[in-house]
Amino acid sequence: TEIHPGKGGSPHVRTEWAIDGAKIAIEYGRPSLKGRPEAQLMPPGAPWRAGADEATTLTTDKALKFGTLSLAPGVYTLNAQPDAKEWQLLVGKLGKPGQWGIPYNSALEIGRAPMQVGKTKAPVEQVTISIDDTPAGGTLRIEWGTASASIPFTVG
């Protein structure tokens with residue numbers, strides 16, 4: 001569902017899922033590539049806000065576990081650190097409502113978890129964050145350009 005246009009011009013959306021009894025929502029800005037190189041927009045080895053404008057947020061009403069990273073119910077910021085072989089999902093505290101997504105504030109970081117990297121079937125013009133329901137929980141996926149990074153999680 002589109003929420004509002006971002007202050008930087010990208011549309012902002014809220015997407016919701018019900019996974020194993022948990023209500024999960026992600027709000028993020030959806031910038032377009034507009035012919036720009038992916039590495040310029042998602043620099044390898046540096047934290048990236050996984051969206052545009054305000055910080056990307058994940059809200060959950062149940063505990064979630066991404067690898068060894070456990071999250072209590074609440075609101076968190078999501079960032080990613082791209083790399084050729086593996087991305088990192090960077091989860092942080094939301095410092096204030098409407099918090100801007102850059103510069104990256106490492107003081108708010110709660111933890112990191114490794115993401116698997118792949119290629120999209122076709123180029124994705126706008127950043128897309130989705131959750132797939134799986135038998136063991138879900139899989140969070142971030143796609144943009146030809147990059148696809150995913151991480152499984154469990155509920156409870």
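Let me have the relative contact order for the chain, percent, based on Cα pairs under 8 Å that are six or more residues apart. Value for the chain: 21 percent. Our helix-only sum for the chain, with -39,500 (n - 2.57) per DSSP H run of n ≥ 4 divided by its residues, gives a mean residue ellipticity at 222 nm of -500 deg cm²/dmol.
The Cβ shell under 15 Å around Gly111 holds other residues with a net charge of +2, Lys and Arg each +1, Asp and Glu each -1. Candidate values [x] 18; [y] 26; [z] 44 were compared with percent of Cα pairs over 26 Å apart computed on the shown model; the agreeing label is [x].
Which entries of Lys23/Lys93; Lys65/Lys93; Lys34/Lys65; Lys62/Lys85 show an alpha-carbon separation above 26 angstrom in the structure shown? The pairs that break the limit, which is 26 Å between Cα atoms, are Lys34/Lys65; Lys62/Lys85. Summing Cβ point charges (Lys, Arg +1; Asp, Glu -1) relative to the Cα centre of the chain gives a dipole of roughly 220 debye. Derived scalar couplings between HN and Hα for the stretch 55-67 equal 4, 6, 10, 10, 10, 9, 9, 9, 5, 10, 9, 10, x Hz in order, rounded to whole Hz, by the Karplus curve 6.51 cos²θ - 1.76 cosθ + 1.60 (θ = phi - 60°), x for Gly and Pro. Quick check: net charge around Val124, other residues with Cβ under 15 Å of its Cβ, Lys/Arg +1 and Asp/Glu -1? In short, +3.
If the chain linking Trp100 and Glu16 were pulled fully straight, counting 0.36 nm for each residue of separation and taking away their Cα-Cα distance, it would gain 28.1 nm. Per residue, the chain exposes 50 Å² of solvent-accessible protein surface, assessed with a 1.4 angstrom probe and all protein chains in place. Our estimate of slack between Thr1 and Ala46, defined as 0.36 nm per intervening residue step minus the Cα-Cα distance, is 13.3 nm. Can you give the FRET efficiency to the nearest 0.05 for Ala136 and Glu86, using r as the Cβ-Cβ distance and R₀ = 35 Å? That gives a FRET efficiency of 0.95. In this calculation the C-beta distance from Val155 to Lys34 is compared with R0 = 30 Å, giving a FRET efficiency of 0.25.
Solvent-accessible area of the chain (1.4 angstrom probe, protein heavy atoms only): carbon and sulfur portion equals 54 percent.
The values are calculated or read from the model by the stated rules, or taken from the named source; none is laboratory data. Here the structure is a predicted model, which means the values were calculated and not measured. A quick note on method: Cβ atoms are made from the backbone with ideal geometry, for glycine too, and the neighbour counts reach across all protein chains shown. Protein only, heavy atoms only, side chains kept; ligands, DNA and RNA dropped before computing areas. Shrake-Rupley method; radii C 1.70, N 1.55, O 1.52, S 1.80 Å.
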